[in-house]
Amino acid sequence: MTDAPEPAGGPVRFAEARPRALALAHELAAGGTDVLAVRDVLGRFTLLVDDRTQPLPPPLESLEDDYGPRLARDLGPYASDRPLLRASGLFSADTLLGSERAVPDPQRPTGRVRILDNTVVGEDWAQVSTPAPEADGSRTHRTALYGFKGGVGRSTATAVLARHLADQGHVVLVVDLDLESPGVGTLVAAGADLPPHGVIDHLVESAVGNAEGLDHVIRSGYTPRGGRGELWVAPARGRGTPGVPYAYVDKLNRTYADVPGADFADRLEQAVRACEDAVARDGDSGRRPDIVLLDSRAGIHDIAAVAISRLCDLALLFGTDNAQTWEGYGDLFAAWLSSGQAPAVREKLRMVASMVPDSPEGAYLQSFREHAWECFAQLYDDVPAGSDEYGSDAFSPSLEDEAAPHHPVPILFEPGLVGLDLVTAPGWQDRAFVQAAYRDFLPTATLLITADPQTSEGPR
């Protein structure tokens, strides 16, 4: 391979390659053909021109000579070895052009250009879906609790919310997916012995077809009020087997591997479903969980990608009002936009303003809402000036819309929570400062969780 010539103005960087490649793709498409922009795992582009069913129009008959050198020059190191190909001369053209992962250019979705992006990790961010109902028509409400940054009280909020929902009569299962920093399992267990195995064991054992018989779910030591509710937990890490080293790090080092017939996302979904099945199997009532809370890994991570994009029908996004929060969520939302997933993902999201100072609470939440709205604007539809936004199908909530994804559900900062040991403190959820901190969060989150996915219907 010879080095691509460096364009005037300096080398082409990764972030510049995509818009340049798409600009050339649209120029080709304007000549009367469909174009697929394929990006490889290193970020290099190939433009695949679809001439399978009819010859290219006259302006494009010499496209290799006319556009090949331009692609190599304009993309620099991000032009592939063969940056311009005709589908008629490619053995795998049907596979590429028929790929379900190919999406329209989100900046010009009605055009003739699509994008096929290949990555090593994080591909699940670009594959958004909502879980289907169970075979009997019932629905398990799965909610992911996620924070771009750690240290925002996400796991504590999960434990508080789980007890509240169980007190309402729900069968609640909490699954600790924060494999690199497990913790919510112990909080929810409330003194009960953890099971011998954890979620990580299912991920490792299932890779070799050995997950049958794992004991990785226990009923919490907390007794829900009212008598009907149940609270269960699947910890990331089990207590282990006496005399056998648990080898957690060794297991973690193998967790994310794709195996023949099942990638990591499939195995994570299977692990969560196995935990749900265990509740029905091991519980006295035989009831399946109707609410599952997924305590997700923080950051832009594969577990978070699967939990939000695939496993849940609602994702509560935790954050504080600072630059790091909005830069992080901005990058994540931009990825959903560029992969064409904005319409599918935006209505399953809701911001949680965590650790809100009590004074001035109103000003803080106003600032949070404004920053969240600016961030979510990437996922909302553009409404042309002068048009009737109420008479269109566009999804473009206003800043003041209290039902919009950007409108924050607050959790107040309470210093007493910082040093409180939820494992050993009896009746901690009844303490006045705990009730005050979560007074708005609990009822609002309950309504959001129990509503039908991506609808405005009330709780079931």
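The values are calculated or read from the model by the stated rules, or taken from the named source; none is laboratory data. This one's a predicted model, so the numbers in the text were calculated from it and none came from an experiment. Cβ atoms come from the backbone with ideal geometry, glycine included; neighbour counts cover every protein chain shown.
Can you list the strands (runs of 3 or more DSSP E) lying wholly within the range 10-107 that have 2 or more residues being over 26 Å from PRO343 (Cα atoms) and free of Cβ contacts under 8 Å to residues at least 60 places away in the same chain? If you could, list the steps in order and put the result at the bottom.
On the way: elements: 35-39, 45-49, 79-86.
Those strands (runs of 3 or more DSSP E) span 45-49, 79-86.
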Worksheet item: Of all residues in the range 200-250, which are of a type in the set (Val, Ile, Thr), free of Cβ contacts under 8 Å to residues at least 24 places away in the same chain and not in a loop (DSSP other than H, G, I, E, B)?
Response: VAL249
Worksheet item: For the range 163-199, which residues satisfy the criterion of being under 25 Å from GLY286 (Cβ atoms), among the charged types (D, E, K, R) and not in a helix (DSSP H, G or I)?
Response: ASP176, ASP193
Fill in: Residue, surrounded by the fewest Cβ atoms within 10 Å (Cβ to Cβ), within the range 152-202, restricted to residues that are within 25 Å of the chain's Cα centre (by Cα) and polar (S, T, N, Q)
SER181
Item to complete: Return the residue satisfying two criteria in turn: it lies in the range 53-104 and is in contact with a helix residue (DSSP H, G or I) (Cβ under 8 Å, 6 or more places away or on another chain) and hydroxyl-bearing (Ser, Thr, Tyr), and of such residues it is farthest from ASN118 (Cα to Cα).
Response: TYR67
Discussion item. Residues to consider are VAL292, VAL259; find the one that is surrounded by 20 or more Cβ atoms within 10 Å (Cβ to Cβ) and either touching a residue at least 60 places away in the same chain (Cβ under 8 Å) or over 23 Å from PRO195 (Cα atoms) (or both).
Written reply: VAL292
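Which residues, counting only those in the range 368-386, are assigned to a helix (DSSP H, G or I) and exposed (fewer than 13 other Cβ atoms within 10 Å of the Cβ)? Quick ask: steps written out before the conclusion?
Taking the range 368-386 first, the residues assigned to a helix (DSSP H, G or I) are 368-376.
Of everything in the range 368-386, nothing turns out to be assigned to a helix (DSSP H, G or I) and exposed (fewer than 13 other Cβ atoms within 10 Å of the Cβ).
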Discussion item. I'd like to verify a number: residues in the range 397-426 that are modelled with pLDDT under 90 and over 24 Å from ILE449 (Cβ atoms), how many?
Written reply: 10
Discussion item. Can you find, within the range 228-246, the residue that is surrounded by the most Cβ atoms within 10 Å (Cβ to Cβ) among those that are closer than 17 Å to VAL279 by Cα and of a type in the set (Gly, Ala, Ser)?
Written reply: ALA234
